[in-house]
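See below for the structure under consideration.
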Amino acid sequence: MLQESALRAWRDLAHLDRPERFLPWFCAIVQHAAADRARRERVRASEELREAPAAERGPSEARRLRLLRAVELLPSPLREAIELAYFADLSYPEIAAATEVSVSTVNLRLAQARAALRVALEDEHE
């Protein structure tokens, strides 16, 4: 995904108006690539769900799908922070630059997102 993002950035470098904003611009490219990949994986997962009976999927696959559904239901800023941290594997400063917020805001959003996901997954077990 990073190579794909680097290639996209190289091709689109002429569209960068302010060179001092390269890192946030590049992080946004990575963010979009991560979101695209996550969408493709959700589509594949839903296709696999239709094909495979529930007994064949196993508990870990079911938990993974519950987690993905819970991530989709998060408010946009929290979902974006989770996707950049865990799907795009960006650091807190990189996420802050990509989303144009402070590192402490990134930390807060990730903490809130993790808490919401914990609650969502606990609710499903009850």
Check: Going by how many other beta carbons lie within 10 Å of each one, how would you line up ARG11, ARG37, fewest first?
Finding: ARG11, ARG37
Next item on the list: Between VAL43 and GLU61, with labels modelled 7 Å along Cα→Cβ, what's the label distance in nm to one decimal, could you check?
Entry: 2.1 nm
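Can you put ILE29, ILE95 in order, fewest other beta carbons within 10 Å first? Write down the numbers at each step before the final one.
On the way: ILE29 18, ILE95 25.
So the ranking, lowest neighbour count to highest, is ILE29, ILE95.
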Item checked: Sequence of PHE22, PHE87 once ranked by neighbouring C-beta atoms within 10 Å, starting from the fewest -> PHE22, PHE87
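Each value in this text was obtained by applying a stated rule to the coordinates, not by laboratory testing. Here the structure is a predicted model, which is why all the values come from computation and not from measurement. Every residue, glycine as well, gets a Cβ built from its backbone with ideal geometry; the counts of neighbours run over all protein chains shown.
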